[in-house]
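Participant: Here it is, the structure, as structure tokens.
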Amino acid sequence: MGYFIPVEPGVNLFVEDINQEAAKTIVFIHGWPLSHKQFEYQFNILPALGYRCIGIDWRGFGKSDKPINGYTYNRLADDIRMVVSTLQLDNFALVGHSTGGAIAIRYMSRYNGYGVSKLILIDAAAPTGFTKETAKDLLKETLNDRPKMMQGIIDTFFFQYITNSFSDWFFQMGLEAAGWSTAAIIKLLRDEKLDADLPKIDKPTLIIHGIHDKVIPFAQAQELDQKIRNSQLVPFQYSGHGPFWEERDKVNQLLTQFI
């Protein structure tokens, strides 16, 4: 079922909550500029295996409210904390993809991993995000021709072949976001770093990363593995930035094994 949770006055986040009665819970944080819908191929499988799957649309994205401000790692982590508190979640696995992985890292450091039993980072945009050059180009396109920017993202996102129909679906997902929130996150990825957060993570951490990732280089996954205690890195040989779809069966199997 889907519903909205207030995280501050006038700002409500959309939450997709599947199989609420299950004993084990997984919270999913999507990447930029997408929504919880990107995890469709996890939500198709994991609830049937006995997991409660909660997908959160961050502020400014998907079906959530789209305020003009609040696009910092601290505020986005605070939003996740409000959802966790409202739903009284405990002993859950936290999955973050790309920028969602960066938000998950800030949540772990800012709230001492409150309620989290396991952390899963999928092609996380950490400890750094975009270079100044990449951010400059993306900002220019976002503010002048956002559909062109989104098509460019899709063209570099996947290693495996995608159909035109899949591309269209992904394209529309990205355009559900507001233009201002899309631009704000580009600046966030350009300006904020997460190096100081990594030593504070003390929960078992699984790092999944496509070796052909053109968005966040595989070397950054290796850096995360070195700096996060009790972590394990699993390279995905046939994925770019989207193992959650490109090698979805392997991702789903790893999640169930790790959790």
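The values are calculated or read from the model by the stated rules, or taken from the named source; none is laboratory data. Since the structure is predicted, the reported quantities are computational estimates derived from the model, not experimental observations. Here the Cβ is made from the backbone with ideal geometry for all residues, glycine too, and neighbour counts use every protein chain on show. Surface accessibility is based on the protein's heavy atoms, side chains included, excluding ligands, DNA and RNA. Shrake-Rupley method; radii C 1.70, N 1.55, O 1.52, S 1.80 Å.
Participant: Among the residues of region 193-216, which ones are farther than 27 Å from Gly115 by Cα and over 16 Å from the mean Cα position of the chain (by Cα)?
Facilitator: Matches in region 193-216: Ile211, His212, Lys214.
Participant: Something else about it: Could you please tell me which pairs satisfy a Cβ distance under 6 Å, a separation of 6+ or placement on different chains, a first residue in region 18-47 that is of a type in the set (Ser, Thr, Tyr), and a second residue that is part of a strand (DSSP E or B) and modelled with pLDDT of 95 or more?
Facilitator: These pairs meet every condition: Thr25/Arg52; Thr25/Phe92.
Participant: For the subset of region 204-259 comprising residues that are of a type in the set (Lys, Arg) and assigned to a loop (DSSP other than H, G, I, E, B), which member is least open to solvent (accessible area, probe 1.4 Å)?
Facilitator: Arg229
Participant: Among the candidates Gly2, Gly50, single out the residue that is open to solvent by 20 Å² or more (accessible area, probe 1.4 Å), farther than 30 Å from Phe130 by Cα, in contact with an Asp or Glu (Cβ under 7 Å, 6 or more places away or on another chain) and small (Gly, Ala, Ser).
Facilitator: Gly2
Participant: So which of Phe43, Phe39, Phe92 ends up being open to solvent by less than 50 Å² (accessible area, probe 1.4 Å) and within 26 Å of Met149 (Cβ to Cβ)?
Facilitator: That would be Phe39, the only listed residue that is open to solvent by less than 50 Å² (accessible area, probe 1.4 Å) and within 26 Å of Met149 (Cβ to Cβ).
Participant: Which residues, taken from region 184-203, are open to solvent by 40 Å² or more (accessible area, probe 1.4 Å) and more than 23 Å from Leu139 (Cα to Cα)?
Facilitator: Within region 184-203, Asp195, Ala196, Pro199, Lys200, Asp202, Lys203 qualify.
Participant: Within region 96-105, is there a residue that is surrounded by fewer than 24 Cβ atoms within 10 Å (Cβ to Cβ) and out of contact with any Leu (no Cβ under 6 Å at 6 or more places or on another chain)?
Facilitator: Looking for residues that are surrounded by fewer than 24 Cβ atoms within 10 Å (Cβ to Cβ) and out of contact with any Leu (no Cβ under 6 Å at 6 or more places or on another chain), one finds none in region 96-105, hence no.
Participant: Any idea how many residues of region 107-126 are assigned to a loop (DSSP other than H, G, I, E, B), farther than 16 Å from His241 by Cα and open to solvent by less than 70 Å² (accessible area, probe 1.4 Å)?
Facilitator: The number of residues fulfilling the criteria is 3.
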